[in-house]
Amino acid sequence: RLAGRRVIRYMAGTEIIEVSAEEFLGRIRKRACALTARGLGGKHIGIMGRNSCDWLVNFCAIFQAGAVGVLLDRELNPETIGELAARVDLAAILYDCSTEGRVMQAETPRMVQKISMDGSGDGEDLCEDPPAVLRCEPGPEELSCIFFTSGTTVKSKAVMMSGRAMAASVCTNVNSRRFEALLAVMPFHHLAGFITVMNALYLGAEVCIAEDLKYFYRYLASMKPDYAFLVPSMLQMLARKLKN
């Protein structure tokens, strides 16, 4: 359903960048190849960064490599990063420019690889035939994703999801009305954030990435999405702005 279609849009300054399905899937395969070449197939891989196309590419590549995606809040401090890395046995952490400093400062076990999401230094260009090295195919009941509860009242808990649970979440039609473009506002490290994006792609819609909620109206005006998935606190904030 996605062949030949534009699937991702995001803003770089005032410019709107468009990503086709072919480009998106090609980037996922190359990243999966690079992760596999690093010996990370089937391992626990953390991902920590702002909402971006790179985040989505790397997250999908984790699954393509047969690994387990561990969602890390981009606001975590170095001490918490190190503690969570040990708790869930991370083999690597993928970071972007907004989280690089804290990831590098974190005291993690020595075997934990710290890898930039942009693929710099991974030799992706050498992966001319990525499928040849992607042989890990975890079963539907095997662990697929780990995310953390908010930890507002007690210590944050690690929640485990199987491949079947992930697929069920993605395939659930969260919007009974047809839509063409989702404005992805929720942080991707939240379950609702990445599931809504995957659901939109599953339904054949495109994803307009909102990196920062404070530019909500700019995204609406520039990318003209017809659907946004918001939590009550976001709706209350928008209602106050509209009232004013």
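Read-outs: derived from the displayed coordinates by stated rules, not from any lab. What you are looking at is a predicted structure, and each value in this text was computed from that prediction instead of being measured. Please note: Cβ atoms are built from the backbone with ideal geometry, for glycine as well, and neighbour counts cover all protein chains shown.
Some observations on this one:
- Membrane-span-like helices in the chain (whole DSSP H runs, Cα extent of at least 15 Å along the helix axis, mean Kyte-Doolittle hydropathy of at least -0.5): 21-37, 53-64, 191-202, 232-243.
- One compactness figure for the stretch 1-117 is 1.10, namely its Cα radius of gyration divided by 2.2 N^0.38 Å.
- Net lengthening on full extension, residue 17/residue 83 (0.36 nm per residue, minus Cα-Cα): 20.1 nm
- GNM result for the chain, Cα springs below 10 Å: residue of 77, 51, 199 fluctuating most strongly: 77
- Cα-based shape type of the stretch 153-244, given that a ≥ b ≥ c are square roots of the gyration tensor eigenvalues and the cut on a/c is 1.5: oblate
- Note on the chain: Rg/Rh from C-alpha atoms, Kirkwood Rh, equals 0.95.
- Label reach from residue 152 (point 7 Å along Cα→C-beta): in the stretch 206-244, amide nitrogens under 12 Å belong to 232-234.
- Restraint check, 214/243; 30/157; 30/114; 43/214, Cα-Cα greater than 26 Å: 30/157; 43/214
- When both bridge partners sit in the chain, DSSP labels roughly 30% of those beta bridges antiparallel.
- Sum of side-chain charges, residue 207 neighbourhood, beta-carbon under 13 Å (Lys, Arg +1; Asp, Glu -1): -2
- Alpha-carbon centroid distance for the pair the stretch 153-170 / the stretch 10-35, whole angstrom: 26 Å
- Stokes-Einstein diffusion coefficient of the stretch 56-119, Kirkwood radius over Cα pairs, 25 °C, 0.890 mPa s, in µm²/s: 205 µm²/s
- Taking all Cα pairs closer than 8 Å and separated by 6 or more residues, the relative contact order of the chain comes to 20 percent.
- Remark: spin-label model distance residue 215-residue 233 equals 2.2 nm, labels positioned 7 Å along the Cα→Cβ axis.
- For the stretch 164-244: relative contact order, % (alpha-carbon pairs under 8 angstrom, 6 or more apart): 34 percent
- Calculated [θ] (222 nm, deg cm²/dmol) that DSSP helices of n ≥ 4 give over the chain, each run adding -39,500 (n - 2.57): -10500 deg cm²/dmol
- Value of relative contact order over the stretch 148-198, rounded to a whole percent, pairs C-alpha under 8 Å and six or more apart: 23 percent
- Inter-site label distance for residue 98 and residue 244 at 7 Å from Cα along Cβ, in nm: 2.2 nm
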